[in-house]
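Written below as structure tokens is the structure these notes are about.
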Amino acid sequence: MNPALATPKPRWPLRLARRTVSPALFDFWATRVNPLWTLEQPLARLVSRTAASRDAVTLVFRPNGHWAGMQAGQHVSLGVTIEGRRLVRSYSPTVLEDGSLAVTVKAVAGGLVSQYLATEARVGEVVTLDAAFGDMTVSTADEPLLLLAAGSGITPMRALVRDLAARGMPNAVDLFYWARQRDELCFVDELEALAAAHPRLRVHFFVTRDAAAPAPRIDAAAFDDVASLGRRRVLACGPGGFVEAARARFDGTTASFQAEAFSLPQLADADAETGEVEVHLARSGRTLMLSRGQSLLEGLEAQGIRPKHGCRMGLCNTCACGRQSGTTRHLLTGDRASEPTAQVRLCVSAPATDLILDL
């Protein structure tokens with residue numbers, strides 16, 4: 001274990017530093033001695049990287065003493081510097097036995113941060129960590145679980161399964177995991193070993209583009225052998241379309257349904273809205289014409305404006321800003337909101353009318 005994680009640090013030098021210098025000034029000089037030394041900012045150093053599948057890599061980060069920890073299934077916003085810009089994206093790590101964080105990243109076409117982490121980040125590099133967020137966690141031992149994952153959605157499920165295994169598998173768990181090709185599946189050996197060691201855990205793999213025998217997608221898959229299906233708490237994670245199909249399949253027929261999507265679902269033509277509206281940014285004084293058919297975050301980015309953001313799926317609230325007037329449409333539910341001063345999550349909200357935002 002990293003001695004810095006295991007040995008308590010004396011508190012009086014930190015108290016003295018907080019009284020005499022700003023965190024930014026302290027960090028500027030301290031990180032030149034040790035990249036992980038900061039006054040308050042959680043940082044983590046990349047200590048290893050291994051292939052997780054054909055198109056994914058697992059990066060292990062060792063955090064400094066300011067990291068407050070997380071629960072299995074939560075997300076963490078991780079910040080990297082690429083060409084002088086600090087970019088933040090959210091991932092769902094698995095906490096390892098020594099306190100390190102294992103982050104599995106799939107290289108997404110056009111994804112600046114995912115491509116960088118998957119192919120360019122080198123051992124020794126330091127990243128920033130924000131506080132963990134998300135409530136897709138398991139604390140009740142007597143609720144049977146149905147875990148549904150597609151693609152990168154396996155990462156929070158892996159963390160949950162490992163955590164439950166460490167606690168003796170107190171819950172009955174069925175994990176269904178979809179990928180397009182067999183070599184895109186992650187953690188196969190690990191999940192099979194956990195299932196062999198814990199009879200209350202069952203793992204089911206589905207490969208939808210297998211040339212010999214393509215597996216059914218979630219809307220056509222059979223769940224007949226899942227015991228007590230109506231009593232299950234369902235947790236789903238994957239692309240937006242997968243999550244919406246899972247919601248249509250199980251919401252209202254099981255004890256509860258909870259989902260996180262790492263991309264927005266494709267809207268049906270009948271639900272899509274066309275045309276542009278005028279969006280005024282009150283702080284900067286800029287006025288833009290943005291499409292009603294895409295998120296505010298995407299529209300602003302297309303205009304060269306880069307609002308602060310993290311998960312891009314409506315969970316972390318990093319992109320939230322105030323609304324002074326106008327109506328927005330939630331891209332996941334279709335609900336409209338127009339309450340003045342209410343917070344607007346830019347990543348999952350589209351402009352429905354002219355808007356004034358506190359940006």
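Listing for the model above:
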read-out: Checklist (1) open to solvent by 40 Å² or more (accessible area, probe 1.4 Å); (2) modelled with pLDDT of 90 or more applied to Thr274, failing item; value: (2)
read-out: Among (1) modelled with pLDDT under 95; (2) in contact with a strand residue (DSSP E or B) (Cβ under 6 Å, 6 or more places away or on another chain); (3) open to solvent by less than 40 Å² (accessible area, probe 1.4 Å) - the single one Ile82 does not satisfy; value: (2)
read-out: Pairs, first under 17 Å from Val173 (Cα atoms) in segment 216-227, second of a type in the set (Asp, Glu), C-beta under 9 Å, six or more apart; value: Phe223/Asp174; Asp225/Asp174; Val226/Asp174; Ala227/Asp174
read-out: Residue ID - surrounded by the fewest Cβ atoms within 10 Å (Cβ to Cβ), chosen from residues in segment 132-141 that are under 15 Å from Arg89 (Cβ atoms) and small (Gly, Ala, Ser); value: Gly134
read-out: Unique residue being of a type in the set (D, E, K, R), assigned to a strand (DSSP E or B), within 20 Å of Ala261 (Cβ to Cβ) and open to solvent by 20 Å² or more (accessible area, probe 1.4 Å) when the list is Arg89, Arg62; value: Arg89
read-out: Test result for Val161, closer than 23 Å to Gly230 by Cα and in a helix (DSSP H, G or I); value: yes
read-out: Residue list for segment 131-154, filter: under 21 Å from Leu59 (Cα atoms) and either among the charged types (D, E, K, R) or not in a loop (DSSP other than H, G, I, E, B) (or both); value: Phe133, Ala149, Ala150, Gly151, Ser152, Gly153, Ile154
read-out: Matching residues in segment 142-175 - criterion: being within 20 Å of Val103 (Cβ to Cβ) and open to solvent by 30 Å² or more (accessible area, probe 1.4 Å); value: Ser152, Arg162, Asp163, Ala166
read-out: First in segment 339-354 and outside any loop (DSSP other than H, G, I, E, B), second anywhere and basic (Lys, Arg) and open to solvent by 50 Å² or more (accessible area, probe 1.4 Å), Cβ under 7 Å, 6 or more apart; value: Cys347/Arg312; Ala350/Arg292; Pro351/Arg292
read-out: Residue in segment 230-250 that is modelled with pLDDT under 95, assigned to a loop (DSSP other than H, G, I, E, B) and in contact with a strand residue (DSSP E or B) (Cβ under 8 Å, 6 or more places away or on another chain) present; value: yes
read-out: Output for segment 92-114, where each listed residue is in a loop (DSSP other than H, G, I, E, B) and surrounded by 16 or more Cβ atoms within 10 Å (Cβ to Cβ); value: Ser92, Pro93, Ser100, Val108
read-out: Those residues of segment 176-217 which are assigned to a helix (DSSP H, G or I), over 22 Å from the mean Cα position of the chain (by Cα) and crowded, with 18+ Cβ neighbours inside 10 Å, in sequence order; value: Leu194, Ala195
read-out: Residue within segment 115-130 that is touching a residue at least 40 places away in the same chain (Cβ under 8 Å), within 30 Å of His198 (Cβ to Cβ), open to solvent by less than 10 Å² (accessible area, probe 1.4 Å) and in a strand (DSSP E or B) present; value: no
read-out: Meets criteria (more than 19 Å from Val103 (Cα to Cα) and open to solvent by 60 Å² or more (accessible area, probe 1.4 Å)) for Arg233; value: no
read-out: Unmet criterion (only one of (1) in contact (Cβ under 8 Å) with a residue 60 or more places away in the chain; (2) over 25 Å from Val108 (Cα atoms); (3) open to solvent by 70 Å² or more (accessible area, probe 1.4 Å)) for Ala282; value: (3)
read-out: Segment 334-356, subset open to solvent by less than 50 Å² (accessible area, probe 1.4 Å) and over 27 Å from Leu112 (Cα atoms), residue farthest from the chain's Cα centre (by Cα); value: Leu355
read-out: Only listed residue being without any contact (Cβ under 8 Å) to a residue 60 or more places away in the chain, in contact with a strand residue (DSSP E or B) (Cβ under 8 Å, 6 or more places away or on another chain) and open to solvent by less than 50 Å² (accessible area, probe 1.4 Å), chosen from Leu331, Leu300; value: Leu300
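The values are calculated or read from the model by the stated rules, or taken from the named source; none is laboratory data. All of these numbers come straight from a predicted model, not from anything done at the bench. Cβ: placed from backbone, ideal geometry, glycine included. Neighbour counts: every protein chain shown. With ligands, DNA and RNA removed, areas are computed over all heavy atoms of the protein, side chains included. Shrake-Rupley method; radii C 1.70, N 1.55, O 1.52, S 1.80 Å.
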